[in-house]
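The values are calculated or read from the model by the stated rules, or taken from the named source; none is laboratory data. Here the structure is a predicted model, which is why all the values come from computation and not from measurement. Note: ideal-geometry Cβ built from the backbone for every residue, glycine included; neighbour counts use all protein chains shown.
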Amino acid sequence: MRAGAIAAVAAGVLLGCSGDHLRAGQPTAKAVPGPVVRARAAAQRSSAAAQGAATQILFGDLHVHTTFSADAFLLSLPVMGGEGAHPPADACDFARYCAGLDFFSLNDHAEALSPRHWRESIDAVLQCNAVGNGAEEPDLVAFLGWEWTQVGTTPADHFGHKNVVLLETAPDRVPARPIAAPRPEFRAVSLPATARWLLPILYFSERQRFFDYQAFVDEIEATPLCPADVPTRELPANCSEVAATPRDLFERLEDWNQPSLVIPHGTSWGLMTPPAFDIARELRSSGNDAERQRLFEIYSGHGNAEPYRSHRAARTAGGRAVCPAPSEDFLPCCWQAGEIIRGRCETPESAECEARVAQARQHYVDAGVSGHRTVPGAQVKDWLDCDQCRDCFNPAYSHRPGGSAQYALAVTEWDEQGRERRYRFGFIGSSDTHHARPGNGFKEFGRIGNTEARFASGTARWFTGDDREPVAASVPVVPSELPLAARRYTERGDSFLLTGGLVAVHARSRDRETIFEALESRQVYGTSGDRILLWFDLLNGPDGPVGMGSEVSGLAEAPRFRVRAAGAFEQKPGCPQFVGDRLGAERVETLCRGECYHPDDRRRLITRIEVVRIHAQKRPDEDVGSLIEDPWRVFDCPPEHDGCTVEFEDPDHLEADRESIYYVRAIQEPTLAVNAGGLRCERDASGACVAASPCYSDDRTDRDDDCLAENEERAWSSPIFVSPVR
């Protein structure tokens, strides 16, 4: 078709077309039947591990995005292989009927939540809760919140992401605005000018979705930033409020004087976290609010943030990032950048080639998370398994140990008066779904759509692919000068995207206040997605037994512990009858994708209990790695489907004369899981990756291929903190 004809068609398509405001939708106005809710509780009590428990375990998801988030809306477009908008009402229905959760929260990115969408989020939570079986024993509790999505380009300006979860839902009691991080490039990601008219033509039958997305962008751009020097309660409602640092965020939440939790997540994701990131930075800058920041997301659809390792993707020398040499169990990507260039040299052993290799390594570390862009034309397979933790369970992509849960528990900072500053985190799991699918790990299916795998269409690679000629020289890259979509190696990161985790609370009842109280008191644990039952107790506290999340001081004897665990129920295919009755067959297929939480009466085996002991740092120069004992103890469990119980003590605690931190992992028998194989490396006798077989999310891997691999699902208890006698 001639250019003039194309222009005429484009004009005809665009003329008079406009986008509509994306609405929150209406949840299905029927609760889960009371007998179903009671049967779930009875099945839990029937486990031998649950005998004598004073509380019920409730499962939820505190990290849920809908298409009120700009990135979720963008990924829902057909050019990304998206399946259309999933507004807050979908999250409510999915949690209630598809995933069978007890609670969830909305956590759309504050940076692109317009004032109108914030008001509609409040209404959506109120409507979702109004459906329940009564305020005292609701079938589902919806919490209101948002995500503060801060990203820096260097360790010096990076804090990371935090989810805010509010207790209150009434419009006159919650903050008038969500509080965003300072990320102007993330507020409104407009499509390139050419794409705005070309994409509606290429996807003609779905053209309205592109117009609606542009209306979304226009709505954000029309919202002014709030004045920085006005107290938060005095700001106008119709502006975007920004907190530059965690301390600023905490102060603004304090001004509202309402209960809230702030939950760090993504602290070890190399997709956006600088290589030398150190989570202790918040402690140094008095940026931790111990009353609000009580929980840590240890697992999500982006993988596992638990383990500490001594290896680093980059180190600092003389104030500049340098590339470390590889070790037996770790290959830095900066090093591999040099090897890729070496493989392109005509004379690899020449001095000129060696100089280019060294330059490539420096270019890579200088570019931080955008280092992959410094090697023109490099493909995913070329990088082998660089920057990946080889012996970690479902590690986050390019796992950053300085942001791990274990490091956070061990590290100590001191204020000017010499007082200790430490984190007191409980552990949770959640999904980080961007498809409004809270609790999406109830079954292992649907790699495309049920995980965050993004590039389901080859067309999407227009925005992120690298079609440069693979020359024998690297190029310097300044991340801030790249388009947002090209800064991170999302194509490679897609091999590390999994179905999400869950947060479990020990609660005496199902109501909102009791669940929030359990979260605040750290009576919680995280799972990798399966509904594993877990109890972890200190039996000889000074005032009697205490559960996970407790802080104990003055214990003058060896601490004694008990762990009880039971595996998750095996799942039947399809959905329970009541789900079809409530939703109808068509919505079961489109919303739940034909599968729901549908437990059988047989539990999976718990194969072992692993105990981790961490000693808190006492001196600034003390090596953190030497303080983390993982595992400290391992107990094999009998092959009994009803559960596993173990007891142990720590005879060394008094001699250690420092705070000791204990938590446990309950490990379940191997089952297949989406993307559990990561890059699916072929390894040599030493364990080094010699060939990678990535699970692509575009048309190079079949959309129906879930890339299943064996996986040991697990649950992590919140720690018990035991201080020495003083």
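Inspection of segment 525-544 identifies at least one residue that is of a type in the set (A, V, I, L, M, F, W, C), over 30 Å from Val588 (Cα atoms), modelled with pLDDT of 95 or more and surrounded by fewer than 17 Cβ atoms within 10 Å (Cβ to Cβ). Restricting to segment 636-645, count the residues that are in a strand (DSSP E or B), of a type outside the set (S, T, N, Q) and in contact (Cβ under 8 Å) with a residue 60 or more places away in the chain. The number of residues fulfilling the criteria is 1.
Any residue at all in segment 132-149 that is surrounded by fewer than 18 Cβ atoms within 10 Å (Cβ to Cβ), outside any loop (DSSP other than H, G, I, E, B) and not aliphatic (A, V, I, L, M)? Taking every residue of segment 132-149 in turn, none turns out to be surrounded by fewer than 18 Cβ atoms within 10 Å (Cβ to Cβ), outside any loop (DSSP other than H, G, I, E, B) and not aliphatic (A, V, I, L, M).
Among the residues of segment 289-306, those identified as in contact with a helix residue (DSSP H, G or I) (Cβ under 7 Å, 6 or more places away or on another chain) and surrounded by fewer than 23 Cβ atoms within 10 Å (Cβ to Cβ) are Asp289, Arg292, Arg294.
The residues listed here are Ala337, Ala378, Ala360; of these, the one that is outside any helix (DSSP H, G or I), outside the structural domain of Ser528 (by TED's automatic domain parsing), within 25 Å of Leu679 (Cβ to Cβ) and out of contact with any Cys (no Cβ under 6 Å at 6 or more places or on another chain) is Ala378.
Conditions (1) acidic (Asp, Glu); (2) within 30 Å of Leu283 (Cβ to Cβ), marked per residue:
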{"residue": "Phe159", "(1), (2)": "no, yes"}
{"residue": "Val165", "(1), (2)": "no, yes"}
{"residue": "Ile179", "(1), (2)": "no, yes"}
{"residue": "Gln214", "(1), (2)": "no, no"}
{"residue": "Glu221", "(1), (2)": "yes, no"}
{"residue": "Ala228", "(1), (2)": "no, yes"}
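For segment 122-149, the candidate set comprises residues that are over 19 Å from Thr28 (Cα atoms) and modelled with pLDDT of 95 or more; within that set, the residue that is farthest from the chain's Cα centre (by Cα) is Gly145.
To keep it simple, each residue is scored yes or no on (1) in contact with a Leu (Cβ under 9 Å, 6 or more places away or on another chain); (2) surrounded by fewer than 24 Cβ atoms within 10 Å (Cβ to Cβ).
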{"residue": "Gln44", "(1), (2)": "yes, yes"}
{"residue": "Ala48", "(1), (2)": "no, yes"}
{"residue": "Gln51", "(1), (2)": "no, yes"}
{"residue": "Thr55", "(1), (2)": "no, yes"}
{"residue": "Asp61", "(1), (2)": "yes, no"}
{"residue": "Thr66", "(1), (2)": "yes, no"}
{"residue": "Val79", "(1), (2)": "yes, yes"}
{"residue": "Glu83", "(1), (2)": "no, yes"}
{"residue": "Phe94", "(1), (2)": "yes, no"}
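Among the residues of segment 603-621, at least one is β-branched (Val, Ile, Thr), surrounded by 20 or more Cβ atoms within 10 Å (Cβ to Cβ), out of contact with any Phe, Trp or Tyr (no Cβ under 8 Å at 6 or more places or on another chain) and under 30 Å from Asn450 (Cβ atoms).
If the condition is being charged (D, E, K, R), over 20 Å from the mean Cα position of the chain (by Cα) and at pLDDT 95 or above, then segment 155-171 contributes only Glu168. Filtering segment 651-695 to residues that are touching a Leu at 6+ places or on another chain (Cβ under 7 Å), in a strand (DSSP E or B) and surrounded by fewer than 18 Cβ atoms within 10 Å (Cβ to Cβ) leaves only Leu672.
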